[in-house]
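Okay, structure first, notes after.
Only the coordinates and a few stated rules stand behind these numbers; no lab work does. All of these numbers come straight from a predicted model, not from anything done at the bench. Counting neighbours? That spans all protein chains shown, and the Cβs are built from the backbone with ideal geometry, glycine included.
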Amino acid sequence: MKDARSKRLVLSLVSIGAILAIGLSFAARKSAATVTFTKDVAPILYAKCATCHQPGEMAPMSLLTFKEVRPWAKSIRERVVSREMPPWFADPNHGEFINDTRLTQQQIDTVRAWVDGGAKEGDPKDLPPMPKVANTGWKFGEPDVVLSMTEEASVPADGSVPYRYYIVYTNFTEDKYVRFAQIKRGEPSVVHHVIVSVREPDQGPLPPEGEFRAGQQRVNPESPDAERQRQQRRGNNPDGMLLGWAPGMSPLTLRSGNVKLIKKGSALIFQMHYTTNGKPAKDRTGIGLWFAKEPVEKRVITRGISTDARKLVIPPGDPNFESRSSLTFNEDVHLQMFMPHMHVRGKDFEYKLVYPDGKEKILLRVPKYDFNWQLSYFLKEPIAIPKGSRIDCLAHHDNSANNKYNPDPTKEVRWGDQTWEEMMIGWIDYTIDSQNLRTQTQTANNK
Ligand code: HEC
């Protein structure tokens, strides 16, 4: 009797299970059949992929129209389900970022269901408006000014090209406040990265132009005044670093009232790293600038918190070489952005805030650093840093054979510009609380 009852129970559980299973698979089939590109998938692609996957951008293919997307359906499913796309490396347990493009689980399920259901187009009437791209490639409309290299760079068909430095005069006759800036590569296929820095007129003679090989760098890390030289090279002013371009890097996008200052008479220095691709090429890269239209309150300061270059000596094969760097603030500031920077042996990177009373808070953790993606992490809410606080950066390099990007695990590696040399820099953007250019400019004008 007892036995029969439990059998019945099992049976009824099985049938409930069966009904549920049928119901579920029916629901799944139904939703797969009704998930369409125009209604369900395009909104996701436009919001999370289009910044890179559009003509003239860094990704290999445009993902805007059904015709463009359909051939990639399988590959999209794969990259989305594995969370390789969109690229994002911050540990979600720390910090919230404006440019966090990760998909929600629901969005991932939608993409998967769409592909599994045959990647149907759907009703063209459902298609949302295309994201504002970009026939010209400029993200914020036509720039107020475009400053380009004055000559075309010739890039050979093969071999490695030393870093090249080009000086571009702004010819600005008044100070300019920049709110948006974007680098536009002339010949994207050969531009590996670009760094544009500002050199103010009172900073002494301009650094030399031309090519610089490893070992013939403009800064010798062994030299006792390497840090001074490096500061000078960066322009030795808080706006020295204006903007970089590398895969994953965003244009300069500042909040209303925040700006970068380019003083009148400044020159821009373009550091160009070209890679060869089998065909000779010509490049003329430029930067578009949009000036602030609204009242200006604060200058955004970019600083690199870097380890002592002389201490960055990574032994051959070392799988976990540790570096630390710190910066203490002597006034109240607000943090806006992080950009950890290492080269191909970079492994992980962390920013930690230590308050004056010793309390600690992780600001950003990148557990698996990937050199191929130079991502900036823009804070959703700027973080208040009271005077006397310190930011500690902690990073590791992997110089072992297990690091698939390691070109040579038998080499001792030191600080240097080239990707086979190393760096450890925690870039940050911040503003100073006490600064208000609006009142300063007003009092200046009243005098
Ligand atoms: C920050 C820029 C960026 C964003 C955002 C981005 N991608 Fe990509 N994507 C790239 C780049 C660059 C590549 C080529 C390098 C690589 O394959 O990793 C790529 C490669 C791919 C590939 C593989 C192409 C191939 O050659 O096999 C797929 C598929 C893809 N992306 C889909 C997506 C989807 C879907 C999204 C949004 C959910 C997305 N990507 C968001 C930059 C981006």
Phi-derived 3J(HN,Hα) across region 330-336 with the Karplus relation (6.51, -1.76, 1.60, θ = phi - 60°), rounded Hz, x for Gly and Pro, is 9, 7, 6, 9, 10, 7, 10
Sorted by chain and number, the residues with a modelled amide H under 5 Å from that of Thr36, at a separation of 5 or more or across chains, are Val41
Could you tell me which of rounded, prolate or oblate describes region 277-322, using a ≥ b ≥ c as the square roots of the eigenvalues of the alpha-carbon gyration tensor, with rounded for a/c under 1.5 and, failing that, prolate when a/b is larger than b/c and oblate otherwise?
oblate
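Classify region 74-133: rounded, prolate or oblate, from the alpha-carbon gyration tensor (a ≥ b ≥ c, eigenvalue square roots; a/c under 1.5 rounded; otherwise prolate if a/b is larger than b/c)? Could the numbers behind the result be given before it?
Working: a/c = 2.60, a/b = 1.50, b/c = 1.73.
It is oblate, given that a/c is not under 1.5 and a/b is not larger than b/c.
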For each of Thr110, Thr34, count neighbouring Cβ atoms within 10 Å of the residue's Cβ, then give the residues from fewest to most.
Thr34, Thr110
Taking a crude spin-label model, label points 7 Å out from Cα along the C-beta direction, the Phe371 to Met130 distance in nm is 3.7 nm
Through the Karplus equation 6.51 cos²θ - 1.76 cosθ + 1.60, θ set to phi - 60°, convert the phi angles of region 364-371 into ³J(HN,Hα) values in whole Hz; use x for Gly and Pro.
8, 10, 10, x, 10, 6, 10, 4
Read phi for every residue in region 54-65 and hand back ³J(HN,Hα) as whole Hz from Karplus 6.51 cos²θ - 1.76 cosθ + 1.60, θ = phi - 60°, with x for Gly and Pro.
9, x, x, 9, 6, 6, x, 9, 7, 10, 10, 9
Would you give the gap between the C-alpha center of region 329-378 and the C-alpha center of region 99-129, rounded to a whole Å?
33 Å
Rel. contact order, % - alpha carbon contacts under 8 angstrom, at least six apart, region 303-447
40 percent
Pull out the extension gain between Glu152 and Thr173, defined as 0.36 nm times the separation in residues minus the alpha carbon to alpha carbon distance; nm, one decimal.
5.0 nm
Highest mean first, what order results for 387-400, 293-306 on Cβ atoms within 10 Å?
387-400, 293-306
So how do 319-331, 341-353 stack up, highest first, on mean other-Cβ count within 10 Å?
341-353, 319-331
Extension gain (nm, one decimal) between Ser326 and Lys74, 0.36 nm per residue minus Cα-Cα:
86.2 nm
